[in-house]
Amino acid sequence: MIAAEKKRLLRKMLFARRFEERCYEAYVERKIGGFLHLYPGQEACAIGVMAAARPGHDYVITGYRDHVHAIECGSDPKEVMAELYGKETGSSKGRGGSMHIFDAKHRFMGGYALVGGPFPLAAGMAKGIKMRGGDEIAICFLGDAANNQGTFHETMNMASVWQLPVLFVCENNLYGIGTAIERSTAELDQYKRVCGYNMAAACTDGQDIEQVIQAATTAVDHVRSGKGPYFLELKTYRYRGHSMSDAGSYRTKEEQELWAKRDPINLLRDRLIEEKEMTLADFEALDKELMAEIENEIIPFAENSPEPKVEDLEKYVLAEHCPYAKGEAH
Amino acid sequence: MAEMMFWEAVRRAHDEEMARDPMVICMGEDIGVAGGTYKATRGLFDKYGPERVIDTPISENSFSGLAIGAAFCGVRPIVEIMSVNFAWLATDQIINTAAKVRYMSGGQLEAPVVFRSPGGTAHQLGAQHSARMEKVFMGIAGLRVVTPSNPKQAYGLLKSAVRCNDPVFINEHELMYNMKGEVPDEEFFHPLEGSEVARPGRDITLFGYNISVHWCLQAADILSKQHGIEAEVVDLYSLNPLDRAGIAASVSKTHRALIAEEAEAPVGVGSEVMAIINEECFFELDAPPVRVSAVNVPIPYNHTLEKAAIPNAKDVVAAVLKMFGK
Ligand SMILES: Cc1ncc(C[n+]2csc(CCOP(=O)(O)OP(=O)(O)O)c2C)c(N)n1
Ligand SMILES: [Mg+2]
């Protein structure tokens, strides 16, 4: 990978880290409500996979930990932040919130709050792609614990039987809220769990973005070339609690320190420094630049945007006008 | 106008919509090669092929979700859930996704999926095959619920449901697939909203939907011939939204109301219609409205017990006579 590409990825990961940390602050300031699930530690997963895919062209869907996935599809981070602030200018016009970022024009097909819910939706999008005959693929990002839902098994089976162009990315961060994977899940290697569905699968280090991209490129090529679905497991770790209400008491300090040593941003940064493509000072300058962008552009946009109007409370329940509802169609 | 059976009307609507639009598909258990448990998709597999007439694995929640995801990408799926009793498993995708996605995306996504499923109590199928689920779905914002009482409605409602951009749940009845009725030869779209006066009358309104419309019609006949009571029968083919104006108009004319429902009384169509009457036209009433509902039990297997649990036309007649002090 050329240095410019590595720098681009580093910038993206660092931006995602700072964006999420700023969300944390805004939540503490009570600017953001509801449940807030942050992404620090896992940046190489979404950013690496999307670097191997075609953002804005491929259809992407995920769970509630969705801000970075939307941004990687091409969403304006200002709109994502405005959504967290519940504003009319937000991605979902303030109707969705953190767990329900949507950006259809960039083919980010949503964040969903029910664990396992997006599996069949992704397979369905792949069915639609197949019927239209396009070269897009559907990509579904979900966690490890989601694989204990029936929808996982049902969907793997259907995706395989019908050879649908869908890539399932499992971000295995070893926990479902406070329950460690070994306490809930009989098979720790998630990619092995699809073997009953006759589906191509692989596993890689989710902290090293170059490895993620390599594995994701194989996976994306497989799916795009019509060879059917693919399941890619990325071993990763989230640094913060599951959501803001989670103190994280279920994890040892040692474990957290171990993973901190494999921070995806630091790994790539150090590699660039080693290759003499970047200095620590360059990195710090980049960091300052990104933080300034968040502080000076993104936060003010969210702060200053209007609230949705109460008169519009019932908008978007049903299609605005349906000629088939009132007998206007003949 | 040709007479056809209910299942033929449903099949015809499928066929016409699939012939018109290559993005219309249908899917469900045993609907393809086997032609559907109630024949609603008979012959379509041969005509449209396995990519559009899809025999699904027994995965109700996920194939419903798959249909929704396909709809995000321009497909217009008609999902058959073999029996509403199995639709309980699909409530997650139908309610949490299909009904809510337009709203929570701020209008960006929509889920134009038709879910059709036979419900009701048939003949001794026992507690797990006798559910009436319309009440579960009719209170869900973002989900339209319709329930045809005859072949014409079955045809026209499905036609409209396929073209409508909202998710629609069509509640059919296991005992009604062989019912015959007139269906216009030319294509037509039954409105998804509203209600229909199935029989005009002046003394009382009998509200029914799906199978209970037929109890009401039979009861109205008996009441007219034997008791001199002229009942109006209103067919509530749309359960979400309910036709507030239609309900109020009829009650304002007859000043009495009875709701006949095959489901148990609690939290149902009857309680909802009564609430609407209270809200819209309470002072028009000459007597308290009455419900004729199923007994609130898991439906028993035993034939006698089963019959005792489910109301019929005679129960409607008896309730009306009681209201009139006869
Ligand atoms: C159907 C359902 N059950 C339970 C929950 C509560 N819940 C939210 S996230 C979560 C854990 C999911 O863990 P995982 O899939 O590994 O994703 P992660 O949060 O680790 O990214 C649970 C139990 C839910 N949202 N939906
Ligand atoms: Mg997890």
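Structure values in brief
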read-out	value
Estimated dipole of the protein assembly as shown in Debye, rounded to 20 [Cβ of Lys and Arg +1, of Asp and Glu -1, Cα centre]	600 debye
For region A:3-321, the fraction of alpha-carbon pairs in successive 20 Å shells from zero, as %	33, 59, 8, 0
Simple label model, 7 Å out from Cα along Cβ direction - A:Glu88 to B:Ala34, nm	5.3 nm
Counted charge near A:Leu114, where neighbours are those whose Cβ lies closer than 11 Å (Asp, Glu -1; Lys, Arg +1)	0
Estimated D of region A:57-192 in µm² per second, where Rh is the Kirkwood radius over Cα pairs and Stokes-Einstein applies at 4 °C, 1.567 mPa s	84 µm²/s
Average beta carbon contacts from partner chains per residue of A:311-321, 10 Å cutoff	5
Per residue convex hull volume, Cα atoms of the protein assembly as shown, in Å³	164 Å³
Pairwise centroid distance, computed over Cα atoms, of region B:73-111 with region B:257-282, Å	27 Å
Highest-MSF residue in chain B out of B:Asn278, B:Asn171, B:Asn85 [GNM, Cα springs under 10 Å]	B:Asn278
Lysine pair number, Cα distance threshold 17 Å (strictly under), region A:59-170, separation 8 or more or different chains	4
For peptides B:144-154, B:264-274, sequence by mean Cβ density within 10 Å, most packed first	B:144-154, B:264-274
Top positive-direction residue, dipole computed over chain B with Cβ charges, set B:Ile25, B:Val316, B:Leu89	B:Val316
Pairwise label distance in nanometres, B:His123 with A:Val161, each label 7 Å out on the Cα-Cβ vector	3.1 nm
Shielding by partners, peptide A:149-155 (average Cβ within 10 angstrom, other chains)	5
Hits among aspartates and glutamates - C-alpha to C-alpha of B:Lys225 under 17 Å, sequence gap 8 or more where chains match	B:Asp203, B:Asp315
Quarter of Cα convex hull surface for region A:131-236, i.e. mean projection, nm²	6.5 nm²
B:Asp286 versus B:Met1: modelled label distance in nm, points set 7 Å from Cα along the beta carbon direction	3.2 nm
Share of Cα-Cα pairs in region A:143-186 lying beyond 15 Å, as whole percent	48 percent
Where Rh is the Kirkwood radius over Cα pairs, Rg/Rh for region A:163-296	1.04
Chain B - Rg (one decimal) and Dmax (whole number), Cα, Å	19.5, 60
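Every number in this text was worked out from the coordinates using simple rules, so none of it is lab data. Bear in mind the structure is a predicted one, so any value in this text is a computation, not a measurement. Please note: Cβ atoms are built from the backbone with ideal geometry, for glycine as well, and neighbour counts cover all protein chains shown.
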